[in-house]
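The values are calculated or read from the model by the stated rules, or taken from the named source; none is laboratory data. As the structure is a computational prediction, the values presented were derived from the model and not from experiment. In this analysis, Cβ positions are derived from the backbone assuming ideal geometry, glycine residues included, and neighbour counts consider all displayed protein chains. With ligands, DNA and RNA removed, areas are computed over all heavy atoms of the protein, side chains included. Shrake-Rupley method; radii C 1.70, N 1.55, O 1.52, S 1.80 Å.
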Amino acid sequence: MTSYQQLLAWVAHGESETQEFKLSTGQRTEAVRTLCAFLNHRGGRVLFGVDAQGHIVGQDVSDKTLADVAHELRGIDPPALPNIERIVLASGREVLAVTVERGARRPHTFRGEAYRRVGTTNRQLSREEYGQILLEQLHSTVRWESEPATGWTITDLDATEIVRTLEEAIRRGRADDPGTRDPTEILRGLGLIKEGQILRAAVVLFAKSDCLLPDYPQCLLRIARFKGVDKTEFLDNRQFHGNAFDLLVRADRFLRDNLPVAGRVVPNLFERIDDPLYPPMALREAVANALCHRDYAIGGGSIGLAIYDDRLEITSSGTLHFGLTVEDLYRPHESLLWNPLIAGVFYRRGIIEAWGRGTIKMTELTERAGLPRPEFRETSAAFVVRFWPSRYLPPTRVGHDLTEQQKAILQLLAESGGLALSEIQRQLGRGALRSVREDLAFLNQLGMLDLSGHARGARWYLAGQKGIGNSAH
């Protein structure tokens, strides 16, 4: 039985994605619409007898009151069985708490319409959203990865990769040694063969690259290095078809060869000291998660890696499922796998660890490296992980190509917070005074630098930096 103290704790949290206040059961139609939205999302609670400002006022509750609420609840289809509690106030009036869990037979409708909770409002589901929820409900028994790979045989798969996966799983204590290295038996032990037919998951994991087209064009990695901060100009642009392990290796190689660095100018040295701008382990975690959780049913889908001057993005086809939100990814959350067979093999291979920790691990690794936490974004058809640098990274192009010395000047001013011409020349340790002066004037003309003061008291700053202090902090 819920106590008054528990009611106070609920009300103190205010209205939210999982809680709504109603002054009385006179608003029961709107309240049951909210309960329908809760059923289709993450569950929630409606409190009758609490006004919109969070004041607990209560109401008189009779048998007819409860009958009216029960009658309204019959408008939900498939039927739901909410928990209804009566909380008695000191005044003798009562608060009704009506709670539902996430629906087991979603999507639910109320009077023929389906709703979903968005923040503190209810939104009618579109036809596409309705279909997506139906697909999620069928997911435990009917999944793209668990369907037979029609026309494929064991000879179309990379036997070496299959054996390597088993041996790595044994080494890590994540599989017992079956006493055989026969690829067919290994696949059977991994649950990748059903009724003698290999499954699509086996193709994604182990297919020979030259066998994938035309049946599996979505086993694709797109990589690009852009000049600047948009997609106007490529420095590198390639595509690879391959199994998941092959694509992971190619992604690792591309990131290793193209990963931006952030330089530190050390006084009296001619060279800059360069550190990786993004922690490689966080990037690898993002790529592995993309390969495990993407929607392979999208025939034109892919994994994308894009490096810009100011950020790095990893994109995968498909959106979040099972009511998971972007905000959930920053905290411990239940892991409901979209491709459990593929993810299970990645786990045995040691590429991913505990379920539901991939995004948290990315966040921990970036924060430990002094970077902002990664930005998770969901578009209409894709999921994006965006990494930002913690340090100033001079652009390659701002209307004009920049020279190495010009970029070094920008980096130096970003870390120092403002320097005189003579100090810039001394710390760079290279270039004639005239060339440094010309570079400063050029960068100033581009609007990237500000000059403050006169003669020997003049100091150069990044545009907008004066008065802020050292931008590296």
Margin query: Restricting to the range 403-421, give me the number of residues that are more than 18 Å from PRO389 (Cβ to Cβ) and without any contact (Cβ under 8 Å) to a residue 24 or more places away in the chain.
Written below: 1
Next item on the list: Would you check which residues across the range 183-242 are farther than 26 Å from GLY304 by Cα and hydroxyl-bearing (Ser, Thr, Tyr) and list them?
Entry: THR184
Notebook entry, point to check: Of (1) open to solvent by less than 20 Å² (accessible area, probe 1.4 Å); (2) free of Cβ contacts under 8 Å to residues at least 40 places away in the same chain; (3) not basic (Lys, Arg), ALA288 satisfies all except one. Which?
Noted result: (2)
Item checked: For ARG426: the one exception among (1) under 41 Å from the mean Cα position of the chain (by Cα); (2) open to solvent by 20 Å² or more (accessible area, probe 1.4 Å); (3) not aromatic (Phe, Trp, Tyr) -> (1)
Next item on the list: Tell me, please, whether a residue that is in contact (Cβ under 8 Å) with a residue 40 or more places away in the chain and among the acidic types (Asp, Glu) can be found in the range 62-83.
Entry: yes
Notebook entry, point to check: Which one is nearest to GLU101 (Cα to Cα), of the residues in the range 23-38 that are open to solvent by 10 Å² or more (accessible area, probe 1.4 Å) and either in a strand (DSSP E or B) or not β-branched (Val, Ile, Thr) (or both)?
Noted result: ARG33
Check: Just checking, which of ILE56, ILE133, ILE84 is among the hydrophobic types (A, V, I, L, M, F, W, C), touching a Ser or Thr at 6+ places or on another chain (Cβ under 9 Å) and open to solvent by less than 80 Å² (accessible area, probe 1.4 Å)?
Finding: ILE84
Item checked: When residues of the range 137-177 are limited to those that are among the basic types (Lys, Arg) and assigned to a helix (DSSP H, G or I), the one most open to solvent (accessible area, probe 1.4 Å) -> ARG171
Notebook entry, point to check: ARG116: in a loop (DSSP other than H, G, I, E, B) and under 27 Å from the mean Cα position of the chain (by Cα), yes or no?
Noted result: no
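Rundown of residues vs (1) within 13 Å of the chain's Cα centre (by Cα); (2) assigned to a loop (DSSP other than H, G, I, E, B); (3) of a type outside the set (Asp, Glu), yes/no style:
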position	(1), (2), (3)
GLY300	no, yes, yes
ALA306	no, no, yes
ASP310	no, yes, no
GLU313	yes, no, no
HIS321	yes, yes, yes
GLU353	no, yes, no
Note to self: What's the number of the only condition in (1) under 12 Å from the mean Cα position of the chain (by Cα); (2) open to solvent by less than 20 Å² (accessible area, probe 1.4 Å); (3) modelled with pLDDT of 90 or more that ASP328 fails to meet?
What the structure shows: (3)
Margin query: Whether any residue in the range 367-381 is at pLDDT 90 or above, open to solvent by less than 30 Å² (accessible area, probe 1.4 Å) and within 18 Å of HIS333 (Cβ to Cβ) is what I want to check.
Written below: yes
Note to self: So, in the range 212-246, exactly how many residues are open to solvent by 40 Å² or more (accessible area, probe 1.4 Å), farther than 14 Å from SER302 by Cβ and more than 23 Å from the chain's Cα centre (by Cα)?
What the structure shows: 6
